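So the structure is just underneath, and the comments pick up after that.
Readers should treat all values here as calculations from the given coordinates under stated rules, not as data from a laboratory. A quick note: this is a predicted structure, and the numbers were derived from the prediction, not measured. Every residue, glycine among them, receives a Cβ derived from its backbone with ideal geometry; neighbour counts consider all protein chains shown.
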Amino acid sequence: MESQQSPKYYAFIGMLLVTLNTTSNIMAGRIIPAEVFGLNIILPGGIIAFPATFFLLDIVTEFYGYKNAKRLIWFNLICQGTFALLITLILSFKTSITPEKDAAFQSSLGTSLLIFVAFFSASLVADTFNCKLMAKWKTYTNGKHLWVRAFGSTALGELLFSVVWVSIYFFGTLPSSQMMTIILSQYVIKLLYEAFCLPLTYLAVYLLKKHETYQPIRYENFNPQA
């Protein structure tokens with residue numbers, strides 16, 4: 001018989017988090033010009049996948065608790081670091097493919113280590129802040145107003161992530177004015193993304209409460225400082 005405390009979906013959410021972050025990190029350097037509400041904006045390619053990571057961490061924090069969300073953050077960082085180191089190592093070996101093909105590999109994947117440094121710094125600050133703030137607000141609101149807690153903590157967390165990531169990754173390669181444009185552009189998209197995901201957040205938490213064998217964290221017994 002399966003244990004009542006054995007989570008069915010926690011590992012899957014963690015795998016999905018790693019997948020989304022790996023995708024966004026690989027495509028981060030592919031800058032995409034776009035027009036939103038008549039404004040010309042500049043976006044990193046990872047913007048398509050990355051905002052969903054905050055959506056996942058909000059769900060984990062709400063249902064599994066801050067400690068389990070923080071554990072996923074660290075597991076994800078270890079996976080991203082392993083990926084970056086392996087890619088850097090493999091690219092350092094001589095190859096028998098044509099110089100043109102090797103140049104394509106080097107161009108697309110050669111910055112993996114830099115991307116990880118930027119990601120590690122931003123994630124450690126922003127993801128941890130987002131999850132801890134959401135957990136604290138859950139205590140202060142007696143578990144109510146999920147939409148306020150999810151949107152508010154993500155809005156602040158995404159801002160922190162954007163500032164830290166862009167500042168590190170594009171340092172010395174882009175003028176500060178263009179870096180600011182990228183920060184503001186992707187932040188607007190992230191806020192719109194989060195607003196779109198709010199109904200999905202409610203749905204995901206509802207489904208977890210209905211089908212997950214793990215007992216959800218009760219706010220009155222939860223200490224965000226633990």
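Overview of values
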{"item": "Segment 62-111: number of residues that are more than 20 Å from Thr22 (Cα to Cα) and either within 21 Å of the chain's Cα centre (by Cα) or among the charged types (D, E, K, R) (or both)", "result": "11"}
{"item": "Residue list for segment 68-111, filter: of a type in the set (Gly, Ala, Ser) and over 28 Å from Leu156 (Cβ atoms)", "result": "Ser92, Ser96, Ala103, Ala104, Ser107, Ser108, Gly110"}
{"item": "Residue match in segment 41-50 (condition: in contact with a Gly (Cβ under 8 Å, 6 or more places away or on another chain), of a type in the set (Phe, Trp, Tyr) and closer than 30 Å to His211 by Cβ)", "result": "no"}
{"item": "Count of segment 154-210 residues which are more than 20 Å from Glu62 (Cβ to Cβ), out of contact with any strand residue (DSSP E or B) (no Cβ under 9 Å at 6 or more places or on another chain) and among the β-branched types (Val, Ile, Thr)", "result": "5"}
{"item": "Residue check for Pro44: surrounded by 22 or more Cβ atoms within 10 Å (Cβ to Cβ) and not aromatic (Phe, Trp, Tyr)", "result": "yes"}
{"item": "Within segment 169-196, considering residues that are touching a Leu at 6+ places or on another chain (Cβ under 8 Å) and not polar (S, T, N, Q), the one surrounded by the fewest Cβ atoms within 10 Å (Cβ to Cβ)", "result": "Tyr187"}
